[in-house]
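Read the structure below first, then the notes.
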Amino acid sequence: MKNDATTSYQFVTLTRQGLIATLTMHRPERANALSHAHLAELEHAAQSLRDDPVTRVVIITGAGKHFSSGADLQDTPFSADMPLVQRRRQARMGERAIEAILAIDQITIAAWRGAAMGGGACVATACDFRVGSQSAFIEYPEVDLGINLMWKSLPLIVSLVGPARAKRLVAGAERLDAQTLYKWGILDHLTDDEDLATKTMEVAKEYASKPPLAVQMIKQSTNRLAYALGNSIMHMDSDQNLFAAGSEDRARAIAAKRNKETGDFTGN
């Protein structure tokens with residue numbers, strides 16, 4: 001069955017070639033920063049794969065030098081007069097995009113070069129496997145901006161590295177280079193930058209060669225098992241974010257970041 005097609009959005013491109021599709025975040029001038037509109041396109045592209053019986057593997061990557069620099073801090077999806085009930089819904093756009101990636105039936109592989117920060121790390125960890133190049137690094141900067149990690153993504157990194165290392169990353173905002181990513185098991189494969197596409201395709205073809213029905217059922221059951229507890233409690237992370245965003249420490253954190261200073265935080 002022929003399955004060659006390209007669907008282009010404003011910030012995302014989905015290309016199908018035979019058994020393998022590639023979903024590319026395409027905003028390189030902003031290091032693939034994830035605006036509200038960008039996240040909506042990611043959700044739509046991921047959901048469009050539900051009706052594709054031919055594709056067996058989906059590669060998710062970023063155009064340019066970086067996988068994704070995370071949530072676009074210049075994006076302002078909230079208007080000043082928007083009711084809190086609507087702001088709460090808007091705040092869950094990233095969560096919806098991550099859930100759509102997790103729900104992809106086909107095997108997903110992140111092809112990761114450069115930064116995967118904050119929301120970009122959420123996208124990478126939502127994939128089944130990660131192939132990284134020597135330039136790859138991860139950082140969750142949210143805590144230094146006075147907010148929590150959201151998008152229901154804390155269970156993803158906890159499942160990969162365990163609670164203590166997850167705290168180092170998310171509460172400590174440690175930046176890990178490619179070698180440490182591989183050592184910690186966040187990267188499944190590590191290669192040179194120039195060989196990233198080749199290595200990712202090699203892994204994709206291996207999984208595409210497997211019986212798709214069995215593979216997809218195994219994936220679904222594994223994810224349900226791994227994230228069962230997280231799914232039961234992480235509905236509240238967007239509420240925590242809205243709460244933290246209104247704190248005095250949030251304003252202090254933003255000012256400290258802007259002025260390259262150490263913040264004087266009070267817990268308020």
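Where a number appears in this text, it was derived from the coordinates with a stated rule and is not lab data. A quick note: this is a predicted structure, and the numbers were derived from the prediction, not measured. All Cβ positions, glycine included, derive from the backbone under ideal geometry; neighbour counts span all protein chains shown.
Condition test on R165, is it farther than 24 Å from V58 by Cα, out of contact with any Leu (no Cβ under 8 Å at 6 or more places or on another chain) and either among the β-branched types (V, I, T) or surrounded by fewer than 16 Cβ atoms within 10 Å (Cβ to Cβ) (or both)? Working first, answer last.
Values: farther than 24 Å from V58 by Cα: yes; out of contact with any Leu (no Cβ under 8 Å at 6 or more places or on another chain): yes; either among the β-branched types (V, I, T) or surrounded by fewer than 16 Cβ atoms within 10 Å (Cβ to Cβ) (or both): no.
No.
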Any residue in region 221-243 that is at negative phi sitting within a Cβ distance under 6 Å of a residue that is part of a helix (DSSP H, G or I)? List the pairs, counting only those 6 or more apart or interchain.
A226/S159; Y227/P155; G230/P155
Pick out the one residue from K183, K210 that is out of contact with any helix residue (DSSP H, G or I) (no Cβ under 9 Å at 6 or more places or on another chain) and in a loop (DSSP other than H, G, I, E, B).
K210
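In this structure, is A40 without any contact (Cβ under 8 Å) to a residue 60 or more places away in the chain, surrounded by fewer than 23 Cβ atoms within 10 Å (Cβ to Cβ), of a type outside the set (S, T, N, Q) and assigned to a helix (DSSP H, G or I)? Working first, answer last.
Numbers: without any contact (Cβ under 8 Å) to a residue 60 or more places away in the chain: yes; surrounded by fewer than 23 Cβ atoms within 10 Å (Cβ to Cβ): yes; of a type outside the set (S, T, N, Q): yes; assigned to a helix (DSSP H, G or I): yes.
Yes.
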Residue list for region 89-105, filter: of a type in the set (A, V, I, L, M), more than 12 Å from A126 (Cα to Cα) and part of a helix (DSSP H, G or I):
M93
When every residue in region 44-75 that is crowded, with 23+ Cβ neighbours inside 10 Å and more than 15 Å from the chain's Cα centre (by Cα) is compared, the one farthest from I254 (Cα to Cα) is R56
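Would you say V158 is in a helix (DSSP H, G or I), crowded, with 19+ Cβ neighbours inside 10 Å, at negative phi and touching a helix residue (DSSP H, G or I) at 6+ places or on another chain (Cβ under 9 Å)? Step through it out loud before you land on a result.
Details: in a helix (DSSP H, G or I): yes; crowded, with 19+ Cβ neighbours inside 10 Å: yes; at negative phi: yes; touching a helix residue (DSSP H, G or I) at 6+ places or on another chain (Cβ under 9 Å): yes.
Here the answer is yes, as V158 does meet what is asked.
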